[in-house]
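Everything on this sheet refers to the single structure shown next.
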Amino acid sequence: MSLADAHAFAHSLAVTLMVSIVIFRAGDGSLSVTPAAEYDGSDADLVSEIDPFAP
């Protein structure tokens, strides 16, 4: 998924679920999103984090 698509998807999930969502780069180079509480990968792979409670 493209970076723009990943950001749009992550933002939609964050405001729907009201949890922090991280965008990360998978081992094959693609981008993916998951709730921050469920992410257990390397911090170096993180691209961005969407926090629905941030101002």
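Data overview
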{"item": "Flag if A54 is part of a loop (DSSP other than H, G, I, E, B) and loosely packed, with under 14 Cβ neighbours inside 10 Å", "result": "yes"}
{"item": "Positions within segment 5-55 being at pLDDT 95 or above and at positive phi, in sequence order", "result": "M18"}
{"item": "V33 vs. criteria β-branched (V, I, T), surrounded by 13 or more Cβ atoms within 10 Å (Cβ to Cβ) and touching an Asp or Glu at 6+ places or on another chain (Cβ under 9 Å)", "result": "no"}
{"item": "Pairs where the first residue, in segment 1-27, is surrounded by fewer than 13 Cβ atoms within 10 Å (Cβ to Cβ) and the second is of a type in the set (S, T, Y), C-beta under 6 Å, 6+ apart", "result": "A26/S32"}
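The values are calculated or read from the model by the stated rules, or taken from the named source; none is laboratory data. In this text, all values refer to a predicted model and were calculated from it rather than measured experimentally. Ideal geometry is used to build each Cβ from the backbone, glycine not excepted, and the neighbour counts take in all protein chains shown.
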